[in-house]
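Colleague: Handing you this structure, nothing more for now.
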Amino acid sequence: HSAIVLAAAVVKKMPPPLLREYVPMFFLPLVLRLATDVSKTCRDAVADTIGEVFARAGAGEVAGLYDYMGLWFTNEGAQAAALRSASARLFGVLVRSRPEFVRKGNRGRDIVGLLQTALERGAEFKSGAALGKKPKDGEWEEAYFCLLCFENICKEFPALAAKHPDVWVLVVKFMVHDHPWVQQVSSRVVHARIMELDPETLGSGGSAPPTFLSQRKGALFEIVRNTCYQINVDDDQFNEELAATGTKTLAWCAAAMDRHADLCFADGTGPTADAADGRAAGGPVRWLYSRLSSMAKERGRRRRGAVFRTFAALVAAGDGGRVRPYLDVVITPVYRAISEAEHAAGGGGRDDAGG
């Protein structure tokens, strides 16, 4: 780690003409450490140092590094997974540190294309392994850094990100990946995007182009289903950050589904959502209330607390008329939690109710 700190200090102090001359001498060893170091602290320090190299090097030197990264990203050799993970992280650093470089030509579009290919390959986790099985490092790191890179693209080039609905569909799929870091970044990206939109129009106002929610039917329902999946875990696996984001996401989606129920079901061009549940009497919004109610019937203080906070958010986000049809499914778990709490307070058992 001391050597990395020293390298970072040298990169920051070197005059730009001299740095440009020695860019390969710094870049290649740093990438090797990024791909192989077992310490997250060291990898983060290396990424920051590479960001300094990108920021201070000339456009010609950065273009050469960009070409290297593209080759590594498509590598199929023995170290392919590690190289692709490192390349995805490098692209994310490049987008953040040199957005003007990425903006020129078709570089941004090309990076998104590479990310889409990698995410499509990684999305096979849903059929290739049972959910709940702890993934190996090589099975999640590439997807994680691809998602982080796409998050940076969304921040720097939101119009570019919006033009790739199929990538958004993939991001939604990764909300139920086994690794919590993958779940967190995918949920964060989806949440940030939908919070920019009006649930009534699914647009950002004016003459904004259509979004992936309207371009890929079923995506809206899958966001809801996957968010419920994240919350519906035992207390020892519960993630407060995911639950807090999920509450806001579900409140927004409920309003959107109430207005656009026709977009909740795949028609062959969108994701394969479990739409059969959502087609139950009352439609997708009632499915959401029923699913939350079912989740809260199970013991688990943190899960129940998240469900009840979501119910409160749904009430706060809509008028009374929008919530009234679903009061029957809301009352059942609330009554159960109160009864169990009273029973526990009377000495009848352990208090496992949430609220």
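Colleague: In the neighborhood of Trp168, defined by Cβ-to-Cβ distances under 14 Å, what is the net charge if each Lys or Arg adds +1 and each Asp or Glu adds -1?
Modeller: +1
Colleague: Another question, then. Roll a 1.4 Å probe over the protein heavy atoms and report the accessible area of His1 in Å², nearest 10.
Modeller: The accessible area comes out at roughly 100 Å².
Colleague: For the chain, how many pairs of lysine residues have a Cα-Cα distance under 15 Å, where the two are 8 or more positions apart or belong to different chains?
Modeller: Working: Lys126/Lys134; Lys126/Lys136; Lys126/Lys173; Lys155/Lys163; Lys173/Lys217.
Taking the chain as the scope, the lysine pair count is 5.
Colleague: Provide the per residue accessible area, probe 1.4 Å, for the chain, rounded to a whole number of square angstrom.
Modeller: Values: 16530 Å² over 355 residues.
I get 47 Å² per residue for the chain.
Colleague: About its Cα centre, how strong a charge dipole does the range 13-57 have in debye, to the nearest 20, once Lys and Arg get +1 and Asp and Glu get -1 at the Cβ?
Modeller: Using only the charged Cβ atoms, the result is roughly 20 debye.
Colleague: Please label the shape of the range 31-84 as rounded, prolate or oblate, based on the square roots a ≥ b ≥ c of the eigenvalues of the alpha-carbon gyration tensor (a/c under 1.5 means rounded; beyond that, a/b larger than b/c means prolate, else oblate).
Modeller: Note, shape of the range 31-84 comes out oblate.
Colleague: Got a sec? Charge dipole of the chain, +1 on Cβ for Lys and Arg, -1 for Asp and Glu; which of Ala81, Trp140, Met25 is way out at the positive end?
Modeller: After comparing all options, I get Met25.
Colleague: Related question: Among the GluC sites (Glu not before Pro) within the range 133-202, which fall in a DSSP loop and have no more than 16 other Cβ atoms within 10 Å of their own Cβ? If you can, show how the numbers build up before the last one.
Modeller: On the way: sites: Glu139, Glu141, Glu142, Glu151, Glu156, Glu196, Glu200; in loops: Glu196, Glu200.
Within the range 133-202, the qualifying GluC sites (Glu not before Pro) (loop, at most 16 other Cβ atoms within 10 Å) are Glu196, Glu200.
Colleague: Calculate how steeply helix 2-13 sits against the longest principal axis of the alpha-carbon atoms of the chain, using the helix alpha-carbon long axis, and give the answer as 0 to 90 degrees to the nearest 10.
Modeller: 70
Colleague: Counting Lys and Arg as +1 and Asp and Glu as -1, what is the net charge of the other residues whose Cβ lies under 14 Å from the Cβ of Ala45?
Modeller: Charge balance near Ala45 sits at +1.
Colleague: Let me check I've understood the local charge: for Ala254, count other residues with C-beta under 12 angstrom from its C-beta, Lys and Arg +1, Asp and Glu -1. What total comes out?
Modeller: +4
Colleague: Under the rule a/c < 1.5 gives rounded, and otherwise a/b versus b/c splits prolate from oblate, where does the chain land using the Cα gyration tensor?
Modeller: In terms of gyration-tensor shape, prolate.
Colleague: Okay, next question. Mind putting a number on the dipole of the chain about its Cα centre? Charges go on the C-beta only, +1 for Lys and Arg and -1 for Asp and Glu, and I need it in Debye to the nearest 20.
Modeller: Dipole magnitude for the chain comes out near 300 debye.
Colleague: Just to be sure I follow the definition: excluding the sites themselves, where is the longest run in the chain that has none of the trypsin sites (Lys or Arg not before Pro) in a DSSP loop with at most 16 other Cβ atoms within 10 Å?
Modeller: 164-278
Colleague: Sticking with this structure for a sec: Which one, Leu170, Gly64, Leu314, projects farthest toward the positive side of the charge dipole computed for the chain from Cβ point charges (K/R +1, D/E -1)?
Modeller: The listed residue farthest towards the positive side: Gly64.
Colleague: Here is a follow-up. Quick check: at a probe of 1.4 Å, how many percent of the accessible area of the chain sits on carbon and sulfur atoms?
Modeller: Details: 8890 of 16530 Å².
That fraction is 54 percent.
Colleague: Summing -39500 (n - 2.57) over the DSSP H runs of n ≥ 4 in the chain and dividing by its residue number, what mean residue ellipticity at 222 nm do you reach, to the nearest 500 deg cm²/dmol?
Modeller: -22000 deg cm²/dmol
Colleague: Sticking with this structure for a sec: Give the shape of the range 1-127 as rounded, prolate or oblate, defined through the alpha-carbon gyration tensor: a ≥ b ≥ c are the square roots of its eigenvalues, a/c under 1.5 means rounded, and otherwise the shape is prolate if a/b is larger than b/c and oblate if not. Numbers along the way, then the final one.
Modeller: Numbers: a/c = 2.20, a/b = 1.36, b/c = 1.62.
Since a/c reaches 1.5 but b/c is at least a/b, the shape of the range 1-127 is classed as oblate.
The values are calculated or read from the model by the stated rules, or taken from the named source; none is laboratory data. For clarity, every value in this text was computed on a predicted model and none was experimentally measured. All Cβ positions, glycine included, derive from the backbone under ideal geometry; neighbour counts span all protein chains shown. Note: areas computed on protein heavy atoms with side chains; ligands, DNA, RNA excluded. Shrake-Rupley method; radii C 1.70, N 1.55, O 1.52, S 1.80 Å.
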